[in-house]
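Report on the structure given below.
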Amino acid sequence: MSERNHVTVFYDERVLNHSPDVNAAFLPGRLDKRIRHILSGLNVQWKYPEHPGRINAIMDLLRREPVTGVAFADGRPATREQLARVHTMSFLDDIFSLRNQTAWLDVDTTAVSPGSVEAAEVAAGTAIAAVEAVVSGRTDSAFAVVRPPGHHAEPVRARGFCLFNNIAVAAAHAQAELGCERVMIVDWDAHHGNGTQDIFWADPDVMFIDLHRSAPFYPGSGGLQDVGAGLGDGTTVNIPLPGGAGDTAYLRALNDIVAPAADYFKPDIILVSAGFDAHWFDLAMNVTYEGFAAMTGILQALARKHCSGRLVFVLEGGYNTDSLARGVHSVLGVLAGGPIPEPRVCGMEEVEQAIEFHRGAFKDDTS
């Protein structure tokens, strides 16, 4: 057992107020008609995948199976000034005008309900609170359990269930207010963080590394050759992977790409866009709970090596509530100083059990 660490989960129940209902009466317009046409063409009833039950599943599991060393703290809303570091003022005006309303925002079926704008403000502000706690030394590491997610949100556009780019807002705050000159963001969500990439595309002081399922998987961006531009040339690192890639591929990428990149970049803090849709329950990739835990161990070691252990996780995707909750739990266990489990190839454990069960069944009794 490793030395126990102090880990803080930041959570604010106002993030549950974001609850789009596809059966509700949305604001009329061409976009609403287009969305209705898309939904009518489906063979099954479509429900909004990014729902409050995701967060409830995480918090319920942490109450039932508490992780020693994990404490809880409240979040808070981000200010307009904090949001404006990564989003344009006109975009913020548009989003704020939808407060207390119900509307579709794009054909990716990003939508808002009456409580969505407040939830999005709180999600971004809670990510900031987590970063502040780690930088100040009040906690060794932190995990912001927030929604709506953020990594698809672009400077001028809400997209992919995301309104504000939570991790980008937190990274910009760390630079502007907390003395962190170089920020590394590692995104292991199964979907490429197109919004985070766009925001920091030409920024030499933010290194963005994204492991994701390759195009044409949504959103279709994040090609290997996309490395940033201008002064930021080389600080965007994309690692596109085939569908079904699992622990072995992810850990190889972290050890042979992310670790050398961190050694070169020498970050002052490491932030993680932690999506859990790479688990095989979500059908996008084949990462196990042990794989998420092992990846956490690698990033924790890099944070200790380069930035006094400053490490913050911000929740992104993950739509199977079982694997989402268990994935978060496995990350917190490692952050708190628990053992790092040995990753395994999916199915190998079951094959070994079958081998043992059938051992001797096909031998001649006289031999």
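For the reader, a short list of remarks on this structure follows.
- Qualifying residues in the range 101-116 (those that are in contact with a Ser or Thr (Cβ under 9 Å, 6 or more places away or on another chain) and not in a strand (DSSP E or B)) - the one surrounded by the most Cβ atoms within 10 Å (Cβ to Cβ): Ser116
- Taken over the range 102-124, the criterion of being on the phi < 0 side of the Ramachandran plot and of a type in the set (S, T, N, Q) is satisfied by Thr102, Thr110, Ser113, Ser116.
- Flag for Ser136 being touching a helix residue (DSSP H, G or I) at 6+ places or on another chain (Cβ under 9 Å) and either basic (Lys, Arg) or at pLDDT 95 or above (or both): no
- Of the numbered criteria (1) without any contact (Cβ under 8 Å) to a residue 40 or more places away in the chain; (2) in a loop (DSSP other than H, G, I, E, B); (3) within 29 Å of Ala170 (Cβ to Cβ), the one Arg63 fails is (2).
- Residue in the range 320-327 that is in contact (Cβ under 8 Å) with a residue 24 or more places away in the chain, of a type outside the set (Asp, Glu) and within 18 Å of Tyr218 (Cα to Cα) present: yes
- Every condition in (1) over 22 Å from Ser141 (Cα atoms); (2) aliphatic (A, V, I, L, M); (3) over 15 Å from the mean Cα position of the chain (by Cα); (4) not in a helix (DSSP H, G or I) is met by Leu231 except one, and the failing one is (4).
- Just one residue in the set Thr79, Thr126, Thr109 is touching a residue at least 40 places away in the same chain (Cβ under 8 Å), of a type in the set (Ser, Thr, Tyr) and over 19 Å from Glu316 (Cα atoms); that residue is Thr79.
- Test: residue in the range 80-93 that is within 22 Å of Ala336 (Cβ to Cβ) and crowded, with 19+ Cβ neighbours inside 10 Å: no
- When the criteria are applied in full, Phe217 fails the requirement of being under 25 Å from Ile128 (Cβ atoms) and among the hydrophobic types (A, V, I, L, M, F, W, C).
- Among the residues of the range 234-247, just one is over 21 Å from Phe217 (Cα atoms) and either part of a strand (DSSP E or B) or open to solvent by less than 20 Å² (accessible area, probe 1.4 Å) (or both), namely Thr235.
- Conditions (1) of a type outside the set (D, E, K, R); (2) open to solvent by 70 Å² or more (accessible area, probe 1.4 Å); (3) under 19 Å from the mean Cα position of the chain (by Cα); number of the one not met by Gln45: (3)
- For the range 6-16, residues that are touching a residue at least 40 places away in the same chain (Cβ under 8 Å) and surrounded by fewer than 18 Cβ atoms within 10 Å (Cβ to Cβ) total 1.
- Filter pass, Val169 being open to solvent by less than 10 Å² (accessible area, probe 1.4 Å) and assigned to a helix (DSSP H, G or I): yes
- Note on the range 177-197: residues that are outside any loop (DSSP other than H, G, I, E, B) and either touching a Pro at 6+ places or on another chain (Cβ under 6 Å) or crowded, with 24+ Cβ neighbours inside 10 Å (or both) amount to 8.
- Test: residue in the range 147-161 that is among the aromatic types (Phe, Trp, Tyr) and either out of contact with any Asp or Glu (no Cβ under 9 Å at 6 or more places or on another chain) or at negative phi (or both): no
- Among residues of the range 338-358 that are touching a residue at least 60 places away in the same chain (Cβ under 8 Å), those with a beta-carbon under 8 Å from a residue that is open to solvent by 80 Å² or more (accessible area, probe 1.4 Å) and assigned to a helix (DSSP H, G or I) at least six positions away or on a different chain give the pairs Pro343/Thr248; Val345/Thr248; Cys346/Trp280.
- Pick from the range 117-163, criterion acidic (Asp, Glu) and outside any helix (DSSP H, G or I), ranking: surrounded by the most Cβ atoms within 10 Å (Cβ to Cβ): Asp140
- Looking across the range 188-221, just one residue is out of contact with any helix residue (DSSP H, G or I) (no Cβ under 7 Å at 6 or more places or on another chain), closer than 21 Å to Phe265 by Cα and of a type in the set (Gly, Ala, Ser), and that is Gly193.
- In the range 128-184, the residues that are within 18 Å of the chain's Cα centre (by Cα) and among the basic types (Lys, Arg): Arg147, Arg159
The values are calculated or read from the model by the stated rules, or taken from the named source; none is laboratory data. All values derive from a computational prediction rather than experimental measurement. Cβ sites come from the backbone with ideal geometry, for glycine too, and all protein chains shown count toward neighbours. All accessible areas refer to the heavy atoms of the entire protein, side chains included, with ligands and DNA or RNA removed. Shrake-Rupley method; radii C 1.70, N 1.55, O 1.52, S 1.80 Å.
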